[in-house]
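Inspection log for the structure reproduced underneath, given as structure tokens.
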Amino acid sequence: SMLDEWAGVGLKIHQVVTITHVLTAGTREYTIGPSGQDITADPIPTQFISAALRDAEEREAPVNFINVQEWRRIEYKPHVGQSDRLYYDRGAVNGTIYLYPTPELTWRLVLDTEGQLVEPSNLSSDTVVPSEFHMAIMLNLALLIAPIYGRSHVLTADFHRRAAWALDTVRARSN
């Protein structure tokens, strides 16, 4: 398939995966990754898109991502309350998620993550890819199948440029 060919030349297709984990009241640190003690995610997330806390009635409270400098500025990390900040320390095999304040209740942490699509040939209708990957797949698939249906003539030079640009975006994200 086209995606297998892309993988064969080193292009990495990303997918969006939603991970849900029940938090333990009083615990602010969780490992995540292929062998994460707390949250198993294979492969390890390359990027987080969004995070929220969800209660038993399915109400959500957003959680904001902070960087290492913001995490270090928090002086008293054992403070307990409703977590509204998340710092992610990505390791080589597993990463660590730090929540602040330390959760006071048992919430579900809902993470939308981006990671590499390991088996491109196993796409299903449930597979969600980030928009820039979706655009590259859609445009380049049209280029691939247009001749089969005798429709190459409808693909303009602008269409070819957009397909090439979208594929360059995938190449840039693969590095």
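Numerical summary
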| quantity | calculated |
| --- | --- |
| Nearest-ten-degree value, helix 131-145 long axis tilted from longest Cα axis of the chain | 20 |
| Percent carbon-and-sulfur accessible area, region 1-82, ignoring ligands, DNA and RNA, probe 1.4 Å | 46 |
| Heavy-atom surface of region 53-137, accessible at 1.4 Å and reported per residue (Å²) | 58 |
| Theoretical FRET efficiency, 1/(1+(r/R0)^6), r = Cβ-Cβ of V110 and I145, R0 35 Å, to 0.05 | 0.45 |
| Within the chain, helix-based [θ] at 222 nm, where runs of 4 or more DSSP H residues each add -39,500 (n - 2.57), nearest 500 | -8000 deg cm²/dmol |
| Additional length obtainable on full extension of the chain from S1 to R73, 0.36 nm per residue less Cα span | 21.0 nm |
| Shape category assigned to region 1-122 from the gyration tensor of Cα positions, a/c cut at 1.5 | prolate |
| Pair R90, E29: separation of 7 Å Cα→Cβ label points (nm) | 2.1 |
| Mean-position separation - Cα centroids, region 62-128 and region 7-61, in angstrom | 7 |
| Where a label projected 7 Å from the Cα of A164 along Cα→Cβ would reach, residues of region 1-41 with amide N under 15 Å | none |
| Relative contact order (%) - the chain, alpha-carbon pairs under 8 angstrom, separation at least six | 31 |
| Packing-based order for 52-58, 73-79, 18-24, using average beta carbon neighbours within 10 Å, highest first | 18-24, 52-58, 73-79 |
| Low-density loop positions, GluC sites (Glu not before Pro), region 104-175 - DSSP coil, at most 14 other Cβ in 10 Å | E104 |
| Angle in degrees between helix 157-173 and the longest Cα principal axis of the chain, rounded to the nearest 10 | 40 |
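The values are calculated or read from the model by the stated rules, or taken from the named source; none is laboratory data. Values in this document were obtained by computation on a predicted structure and should not be read as measured data. Note that we place each Cβ from the backbone using ideal geometry, even for glycine, and neighbour counts take in every protein chain shown. The area values use the complete protein model at the heavy-atom level, side chains included, leaving out ligands, DNA and RNA. Shrake-Rupley method; radii C 1.70, N 1.55, O 1.52, S 1.80 Å.
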